[in-house]
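The values are calculated or read from the model by the stated rules, or taken from the named source; none is laboratory data. What you see is a predicted model, and the numbers here were worked out from it, not measured in a lab. Note that we place each Cβ from the backbone using ideal geometry, even for glycine, and neighbour counts take in every protein chain shown.
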Amino acid sequence: MEEKRMYDVVALGELLIDFTENGVSSQGNGLFEANPGGAPCNVLAMLAKLGKKTAFIGKVGDDFFGKMLKSAVEEVGIDAGNLVYDKEIHTTLAMVHTFADGDRDFSFYRNPGADMMLREDEVDMERIRNTRLFHFGTLSMTDEGVRQATKAAVEEAERGGAIISFDPNLRPPLWKDMEEAREQVRWGLGKCHILKISDNEIQWLTGKEDYTEGVNCIRREFSIPLILVSMGKDGSRAYYRPAGAAEDVIVEVKPFLQKNTIETTGAGDTFCACVLNYVLDNGLEGMTEEKLRCMLTFANAAASLITTRKGALRVMPSREEIETLLKERG
């Protein structure tokens with residue numbers, strides 16, 4: 001019988017303010033809305049919405065935005081007991097520029113930002129020992145101190161027998177050198193049981209335009225049971241390799257395109273959270289084509305709903321909203 005742990009999911013990484021475009025003022029100046037953001041907390045917010053017990057580990061500035069972020073995280077049901085305040089460095093800010101098709105570009109105010117300043121001795125390892133699943137990305141691996149904290153946390157999760165989930169969530173402007181980024185992504189690939197990677201990330205990492213060829217490149221070096229490729233307007237794919245099997249079970253599910261899409265911020269995080277939720281409920285073993293299809297369909301539907309809202313963390317869809325959409329499109 002599986003031991004009872006305090007948390008279903010603990011995530012470590014960045015928590016920041018996403019300034020999203022919100023029209024123009026009477027003087028013709030662009031207006032921006034301060035949305036709580038950061039991929040790991042977006043993932044936790046969706047998991048909390050689905051009834052999972054979650055906790056976040058990270059750092060914000062001891063400033064107005066940092067306090068606002070802590071309040072937002074707690075408001076959506078995430079345990080913020082290991083959210084650390086930095087007295088010297090301000091909370092990280094990101095300006096999100098949205099294109100006509102809903103896609104976006106980021107400009108970061110992070111030189112440095114508080115999320116980069118998390119130290120290994122500030123990480124509460126007891127939380128990590130007490131979780132069923134640990135989730136991380138690479139924004140907490142761009143700089144030496146926080147990279148050391150991240151790697152120590154991942155290794156503690158590994159020792160504790162947690163499922164480890166990794167989303168590279170690559171942001172090239174934040175890396176001094178893309179070869180260094182590649183090295184850190186490869187480190188993550190060597191540690192995870194679940195990899196969520198976007199279409200452009202897999203092409204960058206492997207040099208392969210075809211996603212299956214890209215996954216095969218990863219498989220030649222790394223033993224990852226479940227690889228998910230998010231493909232934006234083309235939906236998503238799951239590549240599942242049971243222990244001892246020679247080939248992947250591959251399932252592709254079309255997206256739920258929305259006429260009223262505003263922006264895609266948080267769509268990948270929402271998708272990732274729904275996959276993690278499915279794995280927590282059903283396990284990583286014995287995933288059939290039918291189960292993978294069910295998992296991806298729910299995750300795609302949830303991701304499509306978040307594209308109709310500004311921001312992500314505070315406005316994650318409920319299970320009822322997702323199920324309603326599935327019935328409507330059924």
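Can you report the number of residues in segment 1-50 which are in contact with a strand residue (DSSP E or B) (Cβ under 9 Å, 6 or more places away or on another chain) and either aliphatic (A, V, I, L, M) or loosely packed, with under 14 Cβ neighbours inside 10 Å (or both)?
Within segment 1-50, residues that are in contact with a strand residue (DSSP E or B) (Cβ under 9 Å, 6 or more places away or on another chain) and either aliphatic (A, V, I, L, M) or loosely packed, with under 14 Cβ neighbours inside 10 Å (or both) number 21.
What are the residues in segment 97-112 that are in contact (Cβ under 8 Å) with a residue 12 or more places away in the chain and farther than 27 Å from residue 304 by Cα, if any?
109, 110, 112
Looking only at segment 231-247, count every residue that is of a type outside the set (Lys, Arg), surrounded by 13 or more Cβ atoms within 10 Å (Cβ to Cβ) and assigned to a loop (DSSP other than H, G, I, E, B) and tell me the total.
3
Given the condition over 22 Å from the mean Cα position of the chain (by Cα), of a type in the set (A, V, I, L, M, F, W, C) and farther than 12 Å from residue 226 by Cα, answer yes or no: does some residue in segment 250-264 qualify?
No.
If you take the residues of segment 231-264 that are modelled with pLDDT under 90 and among the polar types (S, T, N, Q), which of them is farthest from residue 216 (Cα to Cα)?
My answer is 260.
Which of the residues belonging to segment 123-177 are in contact with a Cys (Cβ under 9 Å, 6 or more places away or on another chain) and either of a type in the set (Ser, Thr, Tyr) or modelled with pLDDT under 95 (or both)?
The answer is 165, and nothing else.
Are there any pairs with C-beta distances below 6 angstrom linking a residue in segment 278-289 that is touching a residue at least 40 places away in the same chain (Cβ under 8 Å) and exposed (fewer than 13 other Cβ atoms within 10 Å of the Cβ) to a residue that is hydrophobic (A, V, I, L, M, F, W, C) and not in a helix (DSSP H, G or I), with the two at least 6 apart or on different chains, and if so which?
Qualifying pairs under 6 Å: 289/249; 289/251.
Strands (runs of 3 or more DSSP E) wholly in segment 1-43 with at least 3 residues that are within 27 Å of residue 124 (Cα to Cα) and touching a Phe, Trp or Tyr at 6+ places or on another chain (Cβ under 7 Å) - which ones?
Hits in segment 1-43: 7-12.
Residue by residue through segment 306-320, note down the ones that are in contact (Cβ under 8 Å) with a residue 12 or more places away in the chain and either out of contact with any helix residue (DSSP H, G or I) (no Cβ under 6 Å at 6 or more places or on another chain) or part of a loop (DSSP other than H, G, I, E, B) (or both).
Passing the criteria: 307, 308, 309, 310, 311, 312, 313, 314, 316, 317, 318, 319.
Please enumerate the residues belonging to segment 57-96 that are in contact (Cβ under 8 Å) with a residue 60 or more places away in the chain and part of a strand (DSSP E or B).
57, 58, 59, 79, 83, 93, 94, 95, 96
Out of 275, 215, 251, report the one residue that is within 21 Å of residue 9 (Cα to Cα), of a type in the set (Val, Ile, Thr) and buried (at least 16 other Cβ atoms within 10 Å of the Cβ). Write out each step before concluding.
Details: 215 fails: within 21 Å of residue 9 (Cα to Cα); 251 fails: within 21 Å of residue 9 (Cα to Cα).
On inspection, the qualifying residue turns out to be 275.
Identify all residues within segment 218-230 that are surrounded by fewer than 21 Cβ atoms within 10 Å (Cβ to Cβ) and either within 22 Å of residue 312 (Cβ to Cβ) or not hydrophobic (A, V, I, L, M, F, W, C) (or both); write none if there are none.
The answer is 219, 220, 221, 223, 225.
Inside segment 290-310, can you point out the residues that are over 13 Å from residue 46 (Cβ atoms) and either surrounded by 24 or more Cβ atoms within 10 Å (Cβ to Cβ) or touching a strand residue (DSSP E or B) at 6+ places or on another chain (Cβ under 6 Å) (or both)?
Listed by number, the residues that qualify are 292, 293, 295, 296, 297, 300, 310.
For segment 136-149, which positions are under 16 Å from residue 186 (Cα atoms) and crowded, with 24+ Cβ neighbours inside 10 Å?
Selection gives 136, 137, 138, 139, 140, 141.
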